[in-house]
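Asks: First the structure, which I've put down as structure tokens, then a few questions once you've had a look.
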Amino acid sequence: MSNESFDPDVTLADRLAESVRDVPSVLDLHGGVMGEVGTYLPGRRISGIREYDDRWEIHVTARLGYPLAEVSRQVRDAASAHVPGVPIDVVIEDLGSDDDRE
């Protein structure tokens with residue numbers, strides 16, 4: 001039994017987004033060039049996470065200074081904890097630094 005408390009409003013996409021945002025090499029999730037990447041939920045949208053029948057697609061802005069292959073591996077590892085055995089496609093949409101967030 002898990003120690004995590006159950007919240008019916010927190011979806012798998014929410015948990016993936018939170019885990020990916022906690023990755024040190026990720027600045028944030030990215031909604032794609034035209035904002036087309038996202039998961040639509042009742043009354044809200046999670047940008048940068050898209051589910052398909054057999055896989056997940058995660059789009060991120062990588063933090064400058066990290067090798068891109070390492071960013072992809074870290075994102076995949078973080079997401080795999082929630083969807084073990086499911087393919088995860090990582091798309092690095094942009095590069096940035098904490099200064100870019102202001």
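Asks: Quantify, in whole percent, the carbon and sulfur part of the accessible surface of the chain (1.4 Å probe; protein heavy atoms only). Intermediate results must be reported in sequence, preceding the final value.
Replies: Working: 3210 of 6360 Å².
Carbon plus sulfur share of accessible area: 51 percent.
Asks: What does the accessible area per residue of the chain come to in Å², with a 1.4 Å probe and no ligands, DNA or RNA counted? The partial results should precede the final answer.
Replies: On the way: 6360 Å² over 102 residues.
I get 62 Å² per residue for the chain.
Asks: Of Ala81, Ala17, Ala62, which has the largest mean-square fluctuation in a 10 Å C-alpha GNM of the chain?
Replies: Sorting by GNM fluctuation, first place goes to Ala81.
Asks: Follow-up question, since we're still on this one. Would you rank Val60, Val33, Val10 by solvent-accessible area, highest first, keeping every protein chain in place and using a 1.4 Å probe? Write down the numbers at each step before the final one.
Replies: On the way: Val60 0, Val33 120, Val10 60 Å².
Of Val60, Val33, Val10, the descending order of accessible area is Val33, Val10, Val60.
Asks: Identify which of Asp54, Asp14, Asp77 has the largest mean-square fluctuation in a Gaussian network model of the chain, with springs joining Cα atoms closer than 10 Å.
Replies: It is Asp54.
Asks: Using a Gaussian network for the chain with springs between C-alpha atoms less than 10 Å apart, which of these wobbles most: Glu70, Glu51, Glu18?
Replies: Among Glu70, Glu51, Glu18, the largest GNM mean-square fluctuation belongs to Glu70.
Asks: Need the full-extension length gain, Val91 to Thr11, defined as separation in residues times 0.36 nm minus the C-alpha distance. One decimal, nm.
Replies: Working: separation 80, 0.36 × 80 = 28.80 nm, distance 2.14 nm.
Taking 0.36 nm per residue and subtracting the Cα distance, the gain is 26.7 nm.
The values are calculated or read from the model by the stated rules, or taken from the named source; none is laboratory data. Everything numeric in this text was worked out from a predicted model, so none of it was measured. The protein model used for the area step is the full one, side chains on, heavy atoms only, and it has no ligands, DNA or RNA in it. Shrake-Rupley method; radii C 1.70, N 1.55, O 1.52, S 1.80 Å.
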